[in-house]
Every structure is written in C-alpha cells, then in structure tokens.
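The values are calculated or read from the model by the stated rules, or taken from the named source; none is laboratory data. Quick caveat, the model's predicted, so the values are computed rather than measured. Don't worry about glycine lacking a Cβ; one is built from the backbone with ideal geometry, like all the others, and counts go over all protein chains shown.
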Amino acid sequence: MSRICLDLNVLRTFVAGVDLGSFAKAADRVGRSQSAVSSQLSKLNALAGKPVVRKAGRGLALTEAGEVTLSYARRLLDLNDEAVMAIQDAKLQGWVRFGLPQDFAENWLPEALGNFARAHLGVRVEVVAGRNAELLPRVGAGSLDLALAWGEPDGPHADRVAELPMVWIGPAKGAPLWDVGEAVPVIALDAPCRFRSAGTSALGAAGISWRLAFSSGSLSGSWAAVAAVHRYVPMEWIR
C-alpha cells in the first residue's frame, strides 16, 4: 500500500479558514479563489474519509476528524516553515527588536521564540511586552523594529494578521457576585485601553451601570484579581 502525502497548501488553507472563522476570508489570506478553496476542502474531506467541518449556526465548527486534522496541520506547517527559513536564511545574522501585547507573551511567545532561535542561530531577539500606547510610539521612534498590536492597521507598513473575538469574562453559572440593581463591578486594565473603552461603552449602550472594582497596568495583575474573586469563563459580548 502506497503512503499518502498530505498537501501542505491544503492544510494551510484549512488552518487559515479555522483561524479566521471563514473559508471565504481564508481565500484572501492564501491568495486563492473561493472555488479553489472549496476544492481544497473537498480534497481534505476525501482524505479524511469524513467531513472536517460542519455548519454551526451562521458559522462553521470542527468535527472530531477536523480537530485531529487541525492539530497535525499546525505542527506540520510550523515544521515546514521552520525548515524553509533555516534553508533560505541560514546565514542571516543581526539583532531584531520586537514588541507584542502581554496577552501573547504569556503563552504564544516562548514557543515562537524557540522555533525562531532554532531556525536563525545568528539572530538575537530583544522582546518588549507591553500595550499599544507603549509599543507603537517606540516603533515610530525606531527603538523597536516591529510590533504586534491590537486594532486596525494604521500606516503604510502595517498589516492585519488575524481577527480575534472580544468577549466578557464573568461568572459561569449561578448568582452574580453583586446584588440586582447595583452597579456591575468591573476589572480592567488602566486607561488608555481599547478593551476597557469597548467594554464600558457596551455597558453604557445596554443601560447597565458599572463601577471600577480593580484596575491594573499589567495583564497578570488583572488575571490575579479575577482568580481571587471567582472561577470565570468567557461570556457573550453585550451587543
């Protein structure tokens, strides 16, 4: 029996579709037509012997086969990209100063830096974890070479790399931690903060009174405050 080779282009489209929540958006990301993306998805379904995604309301959800496929697809693509960088830029040397939000520094950064270091032994990376108000001025001043930031791309050299949902973090079940009619206690980062502004604006639009219960300049401080109060899970954004 001949071995089956996975098509990395198909896997890249599949991962893009899952990350963006839409295969129409994935078509733009990978530079293919929507019909070509549909053909790739059909090819992946045929390879798996069953659908890898299913309809869930207006969106899509992974099937059990899709969850397995996604896990392996990410690993294969990461290894492929690492190998290509190592081959093409084996002699790359220098210093890169990179800024990113604290949100990604906690979980995403260690693995990403490890992969980059293995592929570019001659490159040293200086990382600054902070907020937009700190990172973007430093890019403009030249003390950072590039930065990952929240919000719409601004400027000729800015590019959107992903879209993530904005959600509330609140009590999962049972009675709320405040009495009905009282102002909702809010934990937020210090101003200026896009999430804080969006949240308080949404509360105001919904006619819900609120009070600032805890404010911190660091993400770890906010998480500590949340953990100290209750066990929390994401809730729907107030519309």
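State which residue pairs qualify: first residue assigned by TED's automatic domain parsing to the domain that holds Leu189 and inside the stretch 207-223, second residue part of a helix (DSSP H, G or I) in any location, beta carbons under 7 Å apart, and separation of 6 or more residues or different chains.
Trp210/Thr200; Trp210/Leu203; Phe214/Ala225; Ser216/Ser222; Ser216/Ala225; Ser218/Gln102; Leu219/Gln102; Leu219/Asp103
Considering only the stretch 52-68, I want to know if a residue exists there that is crowded, with 16+ Cβ neighbours inside 10 Å, modelled with pLDDT of 85 or more and touching a Ser or Thr at 6+ places or on another chain (Cβ under 6 Å).
yes
Which residues, counting only those in the stretch 84-103, are in a helix (DSSP H, G or I), surrounded by 12 or more Cβ atoms within 10 Å (Cβ to Cβ) and more than 17 Å from the chain's Cα centre (by Cα)? Even if it seems obvious, please write down each step before you answer.
At the first step, the residues of the stretch 84-103 found to be in a helix (DSSP H, G or I) are 84-88, 102-103.
Then keep just the ones that are surrounded by 12 or more Cβ atoms within 10 Å (Cβ to Cβ); that gives 85-86, 102-103.
Those that are in a helix (DSSP H, G or I), surrounded by 12 or more Cβ atoms within 10 Å (Cβ to Cβ) and more than 17 Å from the chain's Cα centre (by Cα): Met85, Ala86.
Looking only at the stretch 116-139, count how many residues are farther than 26 Å from Arg194 by Cβ and crowded, with 16+ Cβ neighbours inside 10 Å.
2
Identify, please: which residue in the stretch 1-23 is more than 17 Å from Leu77 (Cα to Cα) and surrounded by 12 or more Cβ atoms within 10 Å (Cβ to Cβ) and is, among those, modelled with the highest pLDDT?
Among those that are more than 17 Å from Leu77 (Cα to Cα) and surrounded by 12 or more Cβ atoms within 10 Å (Cβ to Cβ), it is Phe23.
Mind telling me which of the residues Leu62, Leu79, Leu47, Leu70 ends up being touching a Phe, Trp or Tyr at 6+ places or on another chain (Cβ under 8 Å) and over 19 Å from Asp145 (Cα atoms)?
Numbers: Leu62 fails: touching a Phe, Trp or Tyr at 6+ places or on another chain (Cβ under 8 Å); Leu79 fails: touching a Phe, Trp or Tyr at 6+ places or on another chain (Cβ under 8 Å); Leu47 fails: touching a Phe, Trp or Tyr at 6+ places or on another chain (Cβ under 8 Å).
Testing whether each residue is touching a Phe, Trp or Tyr at 6+ places or on another chain (Cβ under 8 Å) and over 19 Å from Asp145 (Cα atoms) leaves just Leu70.
Suppose we filter Glu111, Glu106 for residues that are loosely packed, with under 11 Cβ neighbours inside 10 Å and closer than 30 Å to Val167 by Cβ; which single one remains? Quick ask: steps written out before the conclusion?
Working: Glu106 fails: loosely packed, with under 11 Cβ neighbours inside 10 Å.
Result of the check over Glu111, Glu106: Glu111.
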